[in-house]
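Taken together, the values in this text are just the output of simple stated rules run on the coordinates, not laboratory data. Because the structure is a prediction, the values reported are computed rather than measured. FYI the Cβ positions are ideal-geometry reconstructions off the backbone, even for glycines, and counts take in every protein chain you see.
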Amino acid sequence: MSLATRSLPRTIGAHAILLTYTVIALFPVILVIVNSFKSRAGIFSEPLTPPTPKTFDLIGYNTVIGQGDFIHYFQNSLVVTVASLFFVLLFGAMAAFALSEYRFRGNTLMGLYLALGIMIPIRLGTVAILQLMVASGLVNTLTALILVYTAQGLPLAVFILSEFMKQVSDDLKNAGRIDGLSEYTIFFRLVLPLVRPSMATVAVFTMIPIWNDLWFPLILAPSEETKTVTLGAQLFLGQFVTNWNAILAALSLAIMPVLILYVIFSRQLIRGITSGAVK
Amino acid sequence: MAAETRPKRPFRWHIGVFLAPALLVYTAIMILPLAGTLQLSLFRNIEQHQVFVGFDNFRTLFGDPNWSVNFWNALRNNVWFFIIHMLVQNPIGVMLAALLSSPRLRFAAFYRTAIFVPTILSFVIVGFAWKLILSPLWGVAPHLMDLVGLKSFFTPWLGKEQYALTALSLISVWQFIGIPMMLIYAALLSIPEEVIEAAECDGITGMSQFWKIKLPLILPSIGIISILTFVGNFNAFDLIYTAQGALAGPNYSTDILGTFLYRAFFGFQLQVGDPNMGAAIATMMFLIILGGVCVYLFLVQTRLRRYQF
């Protein structure tokens, strides 16, 4: 280790820059959450101070819970995200296993075909997807969203998972074969448990864009029954433009579940990214 | 070759079973609609019938002033959106990653986690939160600028034609800076200790070590980030829609291809939605993205030298 990398001014400089950027990254989020607990007067007169007994007020939260059907939207988002995630992981892992384990004609071609979707966004097919959903009567159903998100998540899942499945020891699988296990048992009993960490990485990568997507809920499932949290929040915010308490409370309610999940899983997510899962 | 040397075996059904679900969903929901959209762009609805019109929709898109003005405006804005990302997001991302990867830095995990927070938030939250912060009604932004003596520079950026697009691009940069930072950070961590030690033996340390040793080694990662940014930017929609609405105001100054596609496809206010014109715009976006990906794959990636350790 050279002296240069340890010198004090350099370390202080690094901390100063990183700390400044951390403030920039967190400031808007904290500002919104802090102000959501204040009365209207408090929001405008002292936006930068934490709520005091004088300015503390939950009126925004009362409005949101009274007006918007957020619990229902939340359920929709949860159903869509969990179901899509399940299918992406199951189908993705199966296809990745087939591509990485067996040599068959068209293997490379199949890999390239599936990889096409990593670069070309599914949104460009929206016009025909809507026609397809109209024709099959799936408009305004959660099924439509689940199907679209499964297709959207598969390419990257197959790509990442097949990289990891190549690392599973051949000896283990062959030992299983000698013991008379079927190919299906080898996949479900031997290989899947071994690639569980990489499945978690794929899960996080797949989950965030699905939960946050606005485009497909807006186009395929805008009805009251099928609104997701993201779409619901968007419409709610559009209606309550002048009710600052309600807007700040709705934003905070949308931020908090994601933030809590992130704090719990950030270690896994960051390890996933930095282990070279995305190359 | 390999097939001939191997003994002939029975058809392996399990390969098909493993591949079928993924292939089926992917083909039916992604590839076929994509192809269908490209095909739709060559048709037009005349008296309730889809009639093949060749490239007429594209002629309208480029030739008819009702469409072409908006199209070129959206494309120009989109290019500017991309340029801001490349000039601001990636250099800052690289800088943050370089600082984070410096050896024995304390609180590195905390910084990493905190700077990545905006990336996990949805566009709706980001768009609205910034709209509130930049709003002259609330006064948080002018107040903060007053603290550093820059209050006179404050204007309602999102409401002014000449600034709105740049302001939104910077908001998008704020949101996504975590991705280049993480990918570069990963690339920097994977540089072996011996290479760094050899550089130090030759007296190359600090900044020159970064420029001469590390930067060339992380160039492939920078290439990947650039193409990810390109695809993401030319496909963007949500942030503009949340912050400025489908009309991408003020006066279309923040209109990009995604919002233009949405308006053409669904119609807005007096304009009636036209799936065929929507398909034509989606086709143009497809060609732009495909072009970018090809440039990356055939020109950039093949010229970047990769080092195997």
request  = Please report the relative contact order for chain A, taking Cα pairs under 8 Å with a sequence separation of at least 6, and give it as a percent rounded to a whole number.
outcome  = 28 percent
query = Points 7 angstrom from Cα along the Cβ direction at B:VAL295 and B:MET207: gap in nanometres?
reply = 3.1 nm
query = For A:VAL79 and A:ALA41 in the same chain, what is the full-extension length gain: residue separation times 0.36 nm, less their Cα-Cα distance, in nm?
reply = 9.8 nm
request  = Evaluate the charge dipole of chain B about its Cα centre and quote only its size in Debye, nearest 20, assuming +1 on the Cβ of each Lys and Arg and -1 on the Cβ of each Asp and Glu.
outcome  = 600 debye
remark   = Taking N as the residue count of the range A:4-63, its alpha carbon Rg divided by 2.2 N^0.38 Å gives 1.69
message = Strictly greater than 24 Å: what percent of every Cα pair in chain B meets that?
response = 66 percent
task = Would you compute, for the Cα atoms of the range B:1-150, the largest minus smallest coordinate along each principal axis and list the three values in descending order, in whole Å?
result = 75, 57, 26
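Can you pull the mean other chain C-beta count within 10 Å for peptide B:32-40?
Per-residue shielding by partner chains comes out at 6.
Averaged across A:147-157, how many Cβ atoms of other chains sit within 10 Å of each residue's Cβ atom?
For this peptide, the per-residue mean of nearby foreign Cβ atoms is 4.
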Surface/4 of the Cα convex hull for the protein assembly as shown, nm² = 32.2 nm²
query = At 222 nm, what helix-only mean residue ellipticity would chain B give, in deg cm²/dmol to the nearest 500, using -39500 (n - 2.57) for each DSSP H run of four or more?
reply = -19500 deg cm²/dmol
ask   = Build a GNM of chain B with springs between Cα atoms under 10 Å: which of B:VAL17, B:VAL173, B:VAL79 gets the top mean-square fluctuation?
value = B:VAL17
query = With contacts defined as alpha carbon pairs under 8 Å and 6 or more residues apart, what's the relative contact order of the range A:4-63 in percent?
reply = 28 percent
ask   = Can you tell which of B:LEU121, B:ILE84, B:LEU217 lies farthest toward the positive end of the dipole of the protein assembly as shown, using +1 and -1 charges on the Cβ of basic and acidic side chains (Lys, Arg; Asp, Glu)?
value = B:LEU217
Shape category assigned to the range B:70-182 from the gyration tensor of Cα positions, a/c cut at 1.5 = oblate
Whether the range B:184-274 is rounded, prolate or oblate, judged on the alpha carbon gyration tensor where a/c under 1.5 counts as rounded = prolate
ask   = What order, most packed first, do the peptides A:252-264, B:82-94, B:238-250 have when packing is the mean number of other Cβ atoms within 10 Å of each residue?
value = B:238-250, B:82-94, A:252-264
query = Under a 5 Å amide H to amide H cut-off, with H placed in plane at 1.01 Å, what residues pair with B:PHE43 once short-range neighbours are removed?
reply = B:VAL53
note = A student applying the Cα gyration tensor rule (rounded when a/c is under 1.5; otherwise prolate if a/b is larger than b/c, oblate if not) would label chain A oblate
request  = Sort the following peptides by mean Cβ neighbour count (other Cβ atoms within 10 Å, averaged over residues), highest first: B:121-127, A:166-172, A:70-76.
outcome  = B:121-127, A:70-76, A:166-172
ask   = What average count of beta carbons from other chains do you get within 10 Å of the Cβ of residues in A:125-138?
value = 6
query = Dipole of chain A (Lys/Arg Cβ +1, Asp/Glu Cβ -1, origin at the Cα centre): which of A:LEU269, A:ILE122, A:ALA95 lies farthest to the positive side?
reply = A:LEU269
request  = Normalising by the residue count of chain B, find the relative contact order in percent from Cα pairs under 8 Å and 6+ residues apart.
outcome  = 25 percent
request  = Can you tell me how much longer the chain between A:ARG189 and A:LEU261 gets when fully stretched, taken as 0.36 nm per residue apart minus their C-alpha distance, in nm with one decimal?
outcome  = 23.0 nm
note = Taking B:178-185, A:195-202, B:145-152 and ranking on average Cβ neighbours within 10 Å, highest first, one gets B:178-185, A:195-202, B:145-152
query = What are the aspartates and glutamates whose alpha-carbon lies under 15 Å from the alpha-carbon of A:LYS54, with same-chain residues fewer than 8 places away excluded?
reply = A:GLU46
Per-residue ³J(HN,Hα) for the range B:92-99, Karplus 6.51 cos²θ - 1.76 cosθ + 1.60, θ = phi - 60°, Hz, x for Gly and Pro = 5, x, 5, 5, 4, 5, 4, 5
remark   = For A:LYS38, other-chain or 5+-apart residues with amide H closer than 5 Å (H placed, Pro excluded) are A:ASP57
